[in-house]
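Below is one structure, written out as structure tokens; the observations come after it.
The values are calculated or read from the model by the stated rules, or taken from the named source; none is laboratory data. The model shown is predicted, which means the values in this text are computed figures rather than measured ones. Quick reminder, even Gly has a Cβ in these numbers, built from the backbone with ideal geometry, and neighbours come from all protein chains shown. Protein only, heavy atoms only, side chains kept; ligands, DNA and RNA dropped before computing areas. Shrake-Rupley method; radii C 1.70, N 1.55, O 1.52, S 1.80 Å.
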Amino acid sequence: DDVFINARAEQRAARAAKLLEALAELEDPQVCKAIDKRFSIDTVSSSAPVAAAVAELNNQLPANRALMVHAALANKGRHLSELIDTAGWEYQLAQAPAAEKAALRSGAGLGARAFLAAIPSGKTSMEPAIFIQELRFRLGHA
């Protein structure tokens, strides 16, 4: 029964939302301290696993963007991922010849890859073999 399945899914989502909110609060050292009186951000910051994780993070960043342990711990994972992605993008762009740089910048533009999700029909469709050949030609692999 669809009504039962939808109601059950909504209940599970509501419970998961509460759990996710509680976990998000654990990022705040004061909340951690309230849960466990022995918690110390300094102890966490100086631990070997944290130092290793920050070193690995910094290995993926340019030297001028390396983070200290406290700075890394103060950031959310999403922001740290964006730092790594940006560094990778900038490295790839710096290593690319001029034509590849232009292609990379073009493909990174807003909506540049929307055609990939479009379903061809009518005058916009083409035979798979012709499409592949055209794609190879445009990518310089013809």
**Item:** Checking A87 against (1) within 28 Å of R105 (Cβ to Cβ); (2) open to solvent by 80 Å² or more (accessible area, probe 1.4 Å), the condition it does not meet
**Value:** (2)
**Residue match in segment 109-128 (condition: at pLDDT 85 or above and out of contact with any strand residue (DSSP E or B) (no Cβ under 9 Å at 6 or more places or on another chain))** = no
**Complete:** The number of residues in segment 48-76 that are in contact (Cβ under 8 Å) with a residue 24 or more places away in the chain and either more than 16 Å from W89 (Cα to Cα) or of a type in the set (A, V, I, L, M) (or both) is 6
**Complete:** How many residues of segment 49-81 are assigned to a helix (DSSP H, G or I) and either closer than 26 Å to Q30 by Cα or open to solvent by less than 90 Å² (accessible area, probe 1.4 Å) (or both)? The answer is 20
**Message:** Restricting to segment 105-127, name every residue that is of a type outside the set (A, V, I, L, M, F, W, C), open to solvent by 90 Å² or more (accessible area, probe 1.4 Å) and part of a helix (DSSP H, G or I).
**Reply:** R105, K123, T124
**Asked** In segment 90-104, how many are more than 19 Å from the chain's Cα centre (by Cα) and either surrounded by 12 or more Cβ atoms within 10 Å (Cβ to Cβ) or of a type in the set (G, A, S) (or both)?
**Response** 8
